[in-house]
Amino acid sequence: MRYPQGGGLTAERLCKREELRLQAAERFAMGEGSSAIARDLRVSVRSVQKWRQAWAEGGPRALRSQGPASLPRLSEKQFAQLESELAKGPAAHGWEDQRWTLSRVKTVIGRRFHVTYTIQGVRKLLVRNGWSCQVPARRAVERGGRVGQGGVAPRGRLAAARGAWLVFEDEVGFSMTPSHARTWSQRGRTPVVRVRGRSRRRISIAALTCYKPGHRSRLIYRPRRDDGWRDGRKSFSWRDYRDLLIAAHQQFGGPIVLIWDNLNVHKAAGLREFAASRDWLTILYLPACAPDLNPVEGIWSLLRRGWLSNVAFSTPEHLIRTLRSGLRHIQYRSNLIDGCLAETGLTIKSA
């Protein structure tokens, strides 16, 4: 039996697999059973049985990798050129949508290198070079440029803000209808979550994720209940944001650099006047249509995927108790808050 290289494994994994087979060969010579060897090496019994058969026919040499069964049709240099072509997107190659399928990659290989691949051959080629089939993230085409455009940040204020807390803000509304999550159920019987169908009550939450090198990351939040009146205010006013920032400043006892989106209320005249009169507050704005740069979005995702999923809320009080429970859990686990920042791809360097 010959053990060729391939199957999408890296050179490190191939070496590890060969090492396992040679360890098994030493134990075959000692007369140990297949089950014990499989358990110790953490492989299947069937694999050990195949190795034993090959060892019996050809000794330890039969368990060594014999090199690739065939030479790859595309060299490393050619695959790098293929990656450059794929990075241009399907539209650059004549397809209207933004999906790379195995059939389309096969077509690009044929056009660019005049090499014929099967569909399965294309899959193995991509997997071997670190590619996988993934669900794409969305990004708005209207997305703007860099952080900070239009913010209240004079040069002197930015210089004084060094060593400040970097604070991201976002707000969201939660309704009595819970988010969906996967759950086990008997095949053919779709699970059902009972919800209140006519409840218009919402709970708005404004949250701050706060970071400073050398300090524990923090989460500060404020809830605001819908007053129930059809014409009443259902979201935060600029005064609510002002009070939240004052509370954060009192807790930190130092300067704050606030980063948030371009919501109209964030640019209200009263809030801008308040920020201009406070030397401890610097305001910057995120690019337009860039929620993926705001770590507070990760906080909402944790709530929806965890504490809120599939919960049949009976009253608004039940909803707000659940929200507070989830947010308190996150507050005491700074690693979750740090993970939300890491998900954005942003890093904070000490001055």
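The values are calculated or read from the model by the stated rules, or taken from the named source; none is laboratory data. Remember, it's a predicted structure, so these values are computed and weren't measured experimentally. Here Cβ is always computed from backbone atoms with ideal geometry, including for glycine, and neighbour counts include all displayed protein chains. Keep in mind that these areas ignore ligands, DNA and RNA; they rest on the heavy atoms of the full protein, side chains included. Shrake-Rupley method; radii C 1.70, N 1.55, O 1.52, S 1.80 Å.
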task = May I ask you to list the residues in the range 14-46 that are within 16 Å of R64 (Cβ to Cβ) and either surrounded by fewer than 12 Cβ atoms within 10 Å (Cβ to Cβ) or not aliphatic (A, V, I, L, M) (or both)?
result = C15, K16, R17, E18, E19, R21, Q23, E26, F28, A29
note = Of all helices (runs of 4 or more DSSP H) fully inside the range 244-351, the set with 3 or more residues that are over 27 Å from G214 (Cβ atoms) is 269-276, 296-305, 316-331
ask   = Got a number for residues in the range 314-333 being farther than 18 Å from V172 by Cα and open to solvent by less than 60 Å² (accessible area, probe 1.4 Å)?
value = 1
message = Quick check on the range 112-127. Is at least one of its residues in contact (Cβ under 8 Å) with a residue 12 or more places away in the chain, part of a helix (DSSP H, G or I) and more than 25 Å from R13 (Cβ to Cβ)?
response = yes
query = Here are some residues: L336, L281. Which one is surrounded by 19 or more Cβ atoms within 10 Å (Cβ to Cβ) and either in contact (Cβ under 8 Å) with a residue 12 or more places away in the chain or over 14 Å from the mean Cα position of the chain (by Cα) (or both)?
reply = L281
ask   = So, in the range 117-152, of the ones that are open to solvent by less than 100 Å² (accessible area, probe 1.4 Å) and polar (S, T, N, Q), which residue ends up modelled with the highest pLDDT?
value = T118
query = Checking V296 against (1) open to solvent by 20 Å² or more (accessible area, probe 1.4 Å); (2) at negative phi, which test does it fail?
reply = (1)
note = Out of (1) over 31 Å from the mean Cα position of the chain (by Cα); (2) open to solvent by less than 60 Å² (accessible area, probe 1.4 Å), the one L82 does not meet is (1)
note = The number of residues in the range 95-113 that are open to solvent by 70 Å² or more (accessible area, probe 1.4 Å) and modelled with pLDDT under 90 is 4
